[in-house]
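A short write-up of the structure that comes next.
The values are calculated or read from the model by the stated rules, or taken from the named source; none is laboratory data. The structure displayed is predicted, hence computed values, not measured ones. Using ideal geometry, Cβ is built from the backbone for each residue, glycine included, and neighbour counts are taken over all protein chains shown. Ligands, DNA and RNA are excluded from the accessible area calculation, which covers all protein heavy atoms including side chains. Shrake-Rupley method; radii C 1.70, N 1.55, O 1.52, S 1.80 Å.
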Amino acid sequence: MPTEKELIMAHKSMAYDLLQIFRSDAKDKTYTPEELEKLIVAYIQGLEQ
């Protein structure tokens, strides 16, 4: 079982990855809550493979 420190690092890594995904789109792009949910779900599903 992962330690608390390992879990915190995993959460920080995930947050950083998602920020990079959001920033990689055009600077004037805005996201609806539904689009954000789809991006996050796709990211999580990609991790599970």
Tell me, yes or no, whether the stretch 35-49 has at least one residue that is open to solvent by less than 70 Å² (accessible area, probe 1.4 Å), out of contact with any strand residue (DSSP E or B) (no Cβ under 6 Å at 6 or more places or on another chain) and touching a residue at least 24 places away in the same chain (Cβ under 8 Å).
-> yes
Among the candidates M1, M14, single out the residue that is in contact (Cβ under 8 Å) with a residue 12 or more places away in the chain and open to solvent by 60 Å² or more (accessible area, probe 1.4 Å).
-> M14
Which of the residues that make up the stretch 1-37 are over 18 Å from L47 (Cα atoms), among the polar types (S, T, N, Q) and assigned to a helix (DSSP H, G or I)?
-> S24
